[in-house]
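K.L.:
Mind having a look at this structure? Questions to follow.
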Amino acid sequence: MSGTDDVLYERLQAFVGRPAATAGTGKDPVNLPMIRHWCEAMGDEHPAYRGPDAVAPPTMLQAWTMGGLSGHTDRSSAYEELFVLLDGAGYTSVVATDCEQEYLRPLRPGDEIGFDTVIESVSPRKTTKLGTGHFVTTRTDVRAGGELAGTHRFRILKYAPAARRPRKPEPEPKPVPRRPRPVVNRDNAGFWEGVAAHRLLIQRCGACATLRFPWLPGCADCGSREWDTVEASGAGTVFSYVVMHHPSFPAFDPPYAVGLIELAEGVRMISNVVGVPYDKVRIGMPVRLEFQRVDEELELPVFRAGGED
């Protein structure tokens, strides 16, 4: 490292051991609904995570400490100060690289969660394919009822992007790849039939009238398998979104915005936000449903920004 790098690294090391969060508290106790949602998302049907003696999946450890969209108010300033220092040195990009978890005891519904987070290490300058920067590792000790239940280490790379190499001459154009085909089965065939007819159909429980999306064989609220459908009006707002930059997939042209759309009927669905540059998408933006043909066989529901009537 150069002399300048040595001085920066010495300043970065001053943050090692400083707290990023002290006496933090989970926004919710460990609870069965969150465990159920997690297991459904992960496809984990292990019986230990159901019933009166259920425990939480160990890999949910971080979930109980997360602040959600509104964040936490009990964070210290050390982590932000560290990022300001790295930004000022030109390391303005960030990417999560890995995490490590250690489990000491199972978490059970009703456990009140507390946690402390410390900046555990800052690496010397490293050069990666993405660029040159420093790896920053934080360690979060998670407690239940004051007893240490597990440890979560999270590592990011703060880096200066590497200069892009000059592009080679464009090869002869290849056939345009097609979008992946949706998996159509007996549980969701009605939805895709609606899309083919330019109708966005939402399931409605035949017993308790709860609306649900995506389509499921039974009601998550009351368990009934009876259902019918209602047609969405097409109005909605952007509840949340991400901008996909990489990895690149055939038939997709990054960067592009993928939104979690809250429909006027109250359910949410994931779809592309179109009609506005990807970097102009915002939470709360009104959108309106339209159907976009992506190839000769496939149409998909998407949402156009600024779609108020």
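K.L.:
If residue 91 passes every condition in (1) within 23 Å of residue 26 (Cβ to Cβ); (2) within 24 Å of the chain's Cα centre (by Cα) but one, which one does it miss?
P.N.:
Unmet for residue 91, out of (1) within 23 Å of residue 26 (Cβ to Cβ); (2) within 24 Å of the chain's Cα centre (by Cα): (1).
K.L.:
Look at segment 197-209 and say how many of its residues are surrounded by fewer than 17 Cβ atoms within 10 Å (Cβ to Cβ) and either touching a Lys or Arg at 6+ places or on another chain (Cβ under 6 Å) or over 18 Å from residue 288 (Cα atoms) (or both).
P.N.:
4
K.L.:
In segment 82-93, what residues are open to solvent by less than 60 Å² (accessible area, probe 1.4 Å) and assigned to a loop (DSSP other than H, G, I, E, B)?
P.N.:
89, 90, 91, listed by residue number.
K.L.:
Looking at residue 96 and the list (1) outside any loop (DSSP other than H, G, I, E, B); (2) open to solvent by less than 40 Å² (accessible area, probe 1.4 Å); (3) among the small types (Gly, Ala, Ser), which single condition is not satisfied?
P.N.:
(2)
K.L.:
Residue 79: in a loop (DSSP other than H, G, I, E, B), under 24 Å from the mean Cα position of the chain (by Cα), more than 19 Å from residue 30 (Cα to Cα) and in contact (Cβ under 8 Å) with a residue 40 or more places away in the chain, yes or no?
P.N.:
no
K.L.:
Sticking with this one: What are the residues in segment 105-117 that are surrounded by 15 or more Cβ atoms within 10 Å (Cβ to Cβ) and in contact with a Ser or Thr (Cβ under 9 Å, 6 or more places away or on another chain), if any?
P.N.:
113, 114, 115, 116, 117
K.L.:
For segment 279-309, which positions are modelled with pLDDT of 90 or more, surrounded by 10 or more Cβ atoms within 10 Å (Cβ to Cβ) and among the acidic types (Asp, Glu)?
P.N.:
Within segment 279-309, 290, 299 qualify.
K.L.:
Is it fair to say residue 116 is in a strand (DSSP E or B), among the acidic types (Asp, Glu) and either in contact (Cβ under 8 Å) with a residue 40 or more places away in the chain or farther than 30 Å from residue 87 by Cβ (or both)?
P.N.:
yes
K.L.:
Hey, could you check segment 119-138 for residues that are without any contact (Cβ under 8 Å) to a residue 60 or more places away in the chain and either of a type in the set (Lys, Arg) or in contact with a Cys (Cβ under 8 Å, 6 or more places away or on another chain) (or both) and say which is nearest to residue 159 (Cα to Cα)?
P.N.:
That would be 126.
K.L.:
Next up: Which residues, taken from segment 34-63, are of a type in the set (A, V, I, L, M, F, W, C), out of contact with any Lys or Arg (no Cβ under 6 Å at 6 or more places or on another chain) and open to solvent by less than 70 Å² (accessible area, probe 1.4 Å)?
P.N.:
34, 35, 38, 39, 48, 54, 56, 60, 61, 63
K.L.:
Sticking with this structure for a sec: What number of residues in segment 275-309 are part of a strand (DSSP E or B) and under 21 Å from residue 201 (Cβ atoms)?
P.N.:
Of the residues in that region, 13 qualify.
K.L.:
For residue 265, which of the numbered conditions (1) assigned to a loop (DSSP other than H, G, I, E, B); (2) free of Cβ contacts under 8 Å to residues at least 60 places away in the same chain; (3) of a type outside the set (Val, Ile, Thr) fails to hold?
P.N.:
Of (1) assigned to a loop (DSSP other than H, G, I, E, B); (2) free of Cβ contacts under 8 Å to residues at least 60 places away in the same chain; (3) of a type outside the set (Val, Ile, Thr), only one is false for residue 265: (2).
K.L.:
Pick out the one residue from 69, 104 that is modelled with pLDDT under 90, more than 30 Å from residue 9 (Cβ to Cβ) and out of contact with any helix residue (DSSP H, G or I) (no Cβ under 9 Å at 6 or more places or on another chain).
P.N.:
69
The values are calculated or read from the model by the stated rules, or taken from the named source; none is laboratory data. Nothing here was measured: the structure is a model prediction, and the numbers come from that model. Cβ: placed from backbone, ideal geometry, glycine included. Neighbour counts: every protein chain shown. We work out accessible area using only protein heavy atoms, side chains counted, and drop any ligands, DNA or RNA first. Shrake-Rupley method; radii C 1.70, N 1.55, O 1.52, S 1.80 Å.
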